[in-house]
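The block underneath contains the structure these notes are about, expressed in structure tokens.
The values are calculated or read from the model by the stated rules, or taken from the named source; none is laboratory data. Note that this is a predicted model, so its numbers are computed, not measured. Using ideal geometry, Cβ is built from the backbone for each residue, glycine included, and neighbour counts are taken over all protein chains shown.
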Amino acid sequence: MIFALACVLLLLSLSSVVSLKYRQLKVWSALYWLLAVTGQLFALPILIIALSLFLTGRDQPGVAIVSAVTALAASLSLLKQLQVRKAVATFAEDLGIATRRDFYYSWQKIWRSVLVLHCNRRGMQLDKNISYGDLAEQRLDIYRLDTSKSAMSTSELMPILIHIHGGAWVAGKKGQMGRPLIHDMATEGWLVVDIEYRLGPEHRYPAMIEDVLKAIAWVKTHAEEYGGSANFIALTGGSAGGHLSALAGLLDCGERRGLQQGFEEVDTRVQAIVPFYGRYDFLDRFNIINDPKIKQFMIDKVMPVGPIDAGEQLWRQASPIDHVAGHFPPCLLIHGSSDCMIDVAEANAFVDAQRPLSTAPFYFVTVPGAQHAFDLGYCLQAEAVNTLTQYFLKDCYRQFVSSTSFEKS
């Protein structure tokens, strides 16, 4: 039993440090991803357990050897994550939005990396299952400081962050993904809204983006009831949520009105975007995915028609890369270099198309060694990237307030 446990931990640790891409894995990508992301998220607990097994199992050569190799692999994973912290801190300092000291690891942050999935914060108020539409799937949760327990001033309306979950447009729900960032931003005095939306195959595109725009419209209308400012709304999300965040930020006014049936006059533009490891080109024009099974999945589960002839226009409408324009709001785009589900080359292609057109700040961060959905829980690299996201959004809000104050004066 102990030997089997040691072997499982070894498999997780090795998967977390060996970088394989979707082109190499194909049908095995989902299994490898599960092993790799688990190894990265739980690197610190795995190291602690491996060392314990090594010390208690020294009379069993097999357990001792496997545990020692596991400890080495987990240590390498942690070392890579520490390098992420260094790179991200340097990036933030170069931008002038934070200092290296802001990225130092406290004992509290290290403890969070041991607990991994325990993301709850004290002093928060959670309003669950609020309807933003008439359909069962159109629900959201609101996270904010509990004013009765917090010493933070609440005299001003809070900036708003809307989180869009991932799940390949067919799975997932609010409360499952991006939890560390959601809880951290709420404790920093932001009103954080975590939304659900219609999913395939029951509902096909454009149902997903329609719901995102409807949620934005609801938040703009009801923000003050929860202490939020409708004047500043940022979007974030990972995977499918990263795709929808980018798309919602890029749609022009005419495209928005076409997707906003019943609320055409609501301005659903947002003031900042932070997409994580998203899909940006449904047509795979750069041959990055190069797998007919992925195209068939999109036809069977997500899109109402195939990408041929009349259907091509709809696939283009769903692709953020087809909407690149100068009106894109300030953006921090994040993608792991070892992502085996959506290759970082997908993000590179989108960045190459959007960056020359952007008039607002546009930043791209490749997280060295990070796997798809590396921020599902607390680990050292997720903590560093989330800290960067917090300072980026705070700077966007600061710039927004400064510019609007100047315009009013």
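PHE276 satisfies every condition listed in (1) touching a Leu at 6+ places or on another chain (Cβ under 8 Å); (2) crowded, with 18+ Cβ neighbours inside 10 Å except (1).
Can you name every residue in region 253-273 that is surrounded by 18 or more Cβ atoms within 10 Å (Cβ to Cβ) and among the charged types (D, E, K, R)? Listed by number, the list holds a single entry, ARG256. For ILE294, the conditions (1) more than 20 Å from GLY133 (Cβ to Cβ); (2) of a type in the set (Val, Ile, Thr); (3) touching a residue at least 24 places away in the same chain (Cβ under 8 Å) are fulfilled apart from (3). Kindly establish whether VAL219 is in contact (Cβ under 8 Å) with a residue 12 or more places away in the chain, more than 26 Å from VAL365 (Cα to Cα) and of a type outside the set (Phe, Trp, Tyr). Yes. For the subset of region 54-68 comprising residues that are touching a residue at least 24 places away in the same chain (Cβ under 8 Å) and surrounded by 17 or more Cβ atoms within 10 Å (Cβ to Cβ), which member is farthest from LEU10 (Cα to Cα)? Here the answer is GLY57.
Regarding region 67-83, can at least one residue be identified that is in contact with a Lys or Arg (Cβ under 7 Å, 6 or more places away or on another chain) and either aromatic (Phe, Trp, Tyr) or under 30 Å from PHE362 (Cα atoms) (or both)? Within region 67-83, not a single residue is in contact with a Lys or Arg (Cβ under 7 Å, 6 or more places away or on another chain) and either aromatic (Phe, Trp, Tyr) or under 30 Å from PHE362 (Cα atoms) (or both). Screening SER77 with (1) touching an Asp or Glu at 6+ places or on another chain (Cβ under 7 Å); (2) part of a helix (DSSP H, G or I) gives one miss only, at (1). Residues that are within 20 Å of LEU376 (Cα to Cα), out of contact with any His (no Cβ under 8 Å at 6 or more places or on another chain) and assigned by TED's automatic domain parsing to the domain that holds TYR277 do occur in region 151-161, at least one of them.
Of the residues making up region 288-319, those that are within 19 Å of LEU199 (Cα to Cα) and either modelled with pLDDT under 90 or surrounded by 20 or more Cβ atoms within 10 Å (Cβ to Cβ) (or both) number 6.
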